[in-house]
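A.B. asks: The structure under discussion is supplied below as structure tokens; questions concerning it will follow.
Just so you know, all these numbers are worked out from the coordinates, no wet-lab data involved. Quick caveat: nothing in here was measured; it's all calculated off a predicted structure. Note that each Cβ is placed from the backbone with ideal geometry, even for glycine, and that neighbours are counted across all protein chains shown.
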Amino acid sequence: MATKYDFGLIGLGVMGRNFLLNVSDHGYSVAGLDRDPEKVEAFANDTEGKVSLSTTDAKEFVQGLSTPRKIMILVPAGQAVDAVIEQFESMLEPCDLLIDGGNSLYTDTNRRMKRLSEKDILYLGVGVSGGEEGARRGPSIMPGGDQKAYEMVAPILESVAAKVNDEPCVAYMGNTSAGNYVKMVHNGIEYGLMQLIAEVYDLLLRHGRLSNAELSEVFEKWNKGRLQSFLIEITSQIFKTKDDITGNSLVDMVLDKAKQKGTGKWTSQNAMDLGIATPTIDAAVSMRQISGQKDLRQSMSTGNRYALEEYNLDKEELINLAERALYFSTVVTYAQGFQLLSVANEGYKYELDMEAIARIWRGGCIIRAAFLEDIRSAYQQKPNLPHLFANAEIRGVLEDNSSATRNLMIHALQNRIPALALSSALNYYDAITTARLPLNLVQAQRDFFGAHTYERTDREGIFHSQWG
Ligand code: 6PG
């Protein structure tokens, strides 16, 4: 009898190929499918000596898999996923399982899941984080959908996921599109953290006048402390990298226009829909948009590369403020993301476990960081914590570092160094810890011009007044 393969994957691009090699390393026989013969050949070469199939032939691929089939789709999010589903749904049998491992929009996953359930085909929307290296050596995996479907592949996913203290960075997230939703918020936080690091870099470069070698050392040092994280680690390495073409620091040769594929924007859009503020993530999306307007920026530029202030700065003091502000704003960004997850959980009835999310984000993914241990512990103490700031230890850390953040902001403001994400984190913190905001005036204005009514501080009910 011909070999039947344990696990199939459609889309042998770098992510798909690496993920499937990872599955193969863990003792599973694997089958890969791609339309591109070059990718098929590359995968076949990589798996030489292992039980595997690499083909462009969809029929051979489907027939080669043991039933119920377990097939992961790793193609670009959007239309391409629908096209694959359309091609394969008639070839599959009831109880076969399709797993979308891309950054699909959660509402697309709900739609696809519903459609396939009519044919009794199981479907999981699975967030996979960690980039190419993560896919190959151990990503963080966020599966959502029918729990029984998850159980069919749990042993495989647990074996390929990153491990932290022997715990695999994968857990069932919840029903329907929970996996894609959690991955979307992961990416929103990723956008926020990347922007915060970029703003701190700008301050250290333009105000502190640190060289790239010094910047690399600073980030390396930070990575040994409480800021320890994947993004801080790679940032230190970025400052060390030389350009093969010019011999300059490579980072200085990179055009300052950041691209985006949409997951950060979706996070902000969805937070707005759910009535939750995620201003640091919003700021990160806005800054990518402003960065994209390079020509306009250039035509209106004030021209100063370096800070306006007289240069009489204590570098060590600036580095110290920057570390504290970055830590403060990092905590704030995670808090915004986790509050969004809690609120979405209520609205979409995902049954998310916040502690499990913090746990599986500790390894493999792009936002892995030492601080996730503190988040995990906060949710261990109180699973239904309404906001991370309501945890006494986290609140204490924020209080300890808020004045340093204010001081750093003064440097930024006085020197025209834009710090939208850093300042949004600080302002968010100040707003959400202020019992009385000036929005009574906004209500008064609304009632003045539109009779939109208002509530009162001293009695129940809805009121309208003649103003002026
Ligand atoms: C991950 C990353 C991954 C991808 C981002 C990049 O978790 O591995 O988030 O999913 O690199 O989607 O997103 P942008 O192209 O929008 O920056």
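A.B. asks: If you average the sequence gap of Cα pairs under 8 Å that are 6 or more apart and divide by the length of segment 183-432, what percent do you get for the contact order?
C.D. replies: Values: 308 pairs, mean separation 72.1, N = 250.
Relative contact order, segment 183-432: 29 percent.
A.B. asks: Now for a separate question. When only C-alpha pairs under 8 Å and at least 6 residues apart count, what is the relative contact order of the chain, in percent?
C.D. replies: Relative contact order here is 13 percent.
A.B. asks: Right, next: What pairs in Lys59/Lys114; Lys114/Lys183; Lys242/Lys265; Lys70/Lys114; Lys39/Lys257 have C-alpha atoms more than 28 Å from each other?
C.D. replies: Lys242/Lys265; Lys39/Lys257
A.B. asks: Determine the equivalent ellipsoid of segment 270-400 by diagonalising the alpha-carbon gyration tensor, then write out the semi-axes as square roots of 5 times the eigenvalues, largest first, rounded to whole Å.
C.D. replies: 33, 22, 12
A.B. asks: Only sites in a loop by DSSP and with at most 15 other Cβ atoms within 10 Å count here; which trypsin sites (Lys or Arg not before Pro) in segment 384-468 make the cut?
C.D. replies: Listed in order of number, the matching sites are Arg416, Arg436, Arg456, Arg459.
A.B. asks: Taking amide H positions as placed 1.01 Å from N in the peptide plane, with prolines and chain starts having none, which residues 5 or more places from Ala77, or on another chain, fall under 5 Å of its amide H?
C.D. replies: Residues meeting the amide H criterion: Asn103.
A.B. asks: What are the trypsin sites (Lys or Arg not before Pro) within segment 116-215 that DSSP puts in a loop, where the Cβ has at most 15 other Cβ atoms within 10 Å?
C.D. replies: Hits after loop and neighbour filter: Lys119, Arg209.
A.B. asks: Here's another thing I want to ask about it. Once Rh is set to the Kirkwood radius over Cα pairs, what Stokes-Einstein translational diffusion coefficient, in µm²/s, holds for segment 1-72 at a temperature of 20 °C and a viscosity of 1.002 mPa s?
C.D. replies: So the translational diffusion coefficient is about 184 µm²/s.
A.B. asks: If you don't mind, another one. List the longest stretch of the chain that has no exposed loop site; here a site is one of the chymotrypsin sites (Phe, Trp or Tyr not before Pro) assigned by DSSP to anything other than H, G, I, E or B, with at most 10 other Cβ within 10 Å. Display every interim value, and only then the final one.
C.D. replies: Working: sites that count: Tyr311, Trp467.
Segment 1-310 is the longest.
A.B. asks: Determine Rg/Rh for segment 1-143; Rg is computed over alpha-carbon atoms and Rh is the Kirkwood hydrodynamic estimate from the same atoms.
C.D. replies: 0.94
A.B. asks: Using Cα atoms only, what is the angle between the long axis of helix 147-160 and the major principal axis of the chain, expressed in degrees (0 to 90) to the nearest 10?
C.D. replies: Approximately 90 degrees, to the nearest ten.
A.B. asks: Taking the Cβ of each residue in Ile281, Ile394 as the centre, tally the other Cβ atoms inside 10 Å and list the residues starting with the fewest.
C.D. replies: On the way: Ile281 29, Ile394 22.
The fewest-first ordering by Cβ neighbours comes to Ile394, Ile281.
A.B. asks: Rounded, prolate or oblate: which fits segment 183-432 when a ≥ b ≥ c are the square roots of the eigenvalues of the alpha-carbon gyration tensor, with rounded for a/c under 1.5 and prolate only if a/b beats b/c?
C.D. replies: Here segment 183-432 falls in the prolate category.
A.B. asks: Considering only DSSP states other than H, G, I, E and B, which trypsin sites (Lys or Arg not before Pro) in segment 273-359 qualify as loop sites with at most 12 other Cβ atoms within 10 Å?
C.D. replies: Arg305, Lys349
A.B. asks: For helix 106-117, report the angle its Cα long axis makes with the longest principal axis of the Cα atoms of the chain; keep it between 0 and 90° and round to the nearest 10°.
C.D. replies: 20
A.B. asks: For the chain, the longest stretch holding no GluC sites (Glu not before Pro) located in a DSSP loop with at most 16 other Cβ atoms within 10 Å is which? Numbers along the way, then the final one.
C.D. replies: On the way: sites that count: Glu48, Glu118, Glu309, Glu310, Glu351, Glu455, Glu460.
So the longest stretch without any such site is 119-308.
A.B. asks: Sticking with this one: For the chain, what proportion of DSSP beta bridges, expressed in % and rounded to the nearest 5, is antiparallel?
C.D. replies: 35
A.B. asks: Going by alpha carbons, how many degrees (0 to 90, nearest 10) lie between the helix axis of 37-46 and the longest principal axis of the chain?
C.D. replies: 90
A.B. asks: Expressed in nm², what is the orientationally averaged projection area of the convex hull enclosing the Cα positions of segment 180-254?
C.D. replies: Here the figure is 5.9 nm², rounded to one decimal.
A.B. asks: Taking the chain as the region of interest, what is the percent of Cα-Cα pairs per 20 angstrom bin, listed from the shortest bin to the one with the maximum distance?
C.D. replies: 22, 49, 26, 3, 0
A.B. asks: Can you say what percent of the DSSP beta bridges in segment 7-176, counting only those with both residues inside, are antiparallel? Round to 5.
C.D. replies: 30
A.B. asks: Do you know the relative contact order of segment 7-176, to the nearest whole percent, from alpha carbon pairs under 8 angstrom that are 6+ apart?
C.D. replies: Reported as a whole number, the value is 19 percent.
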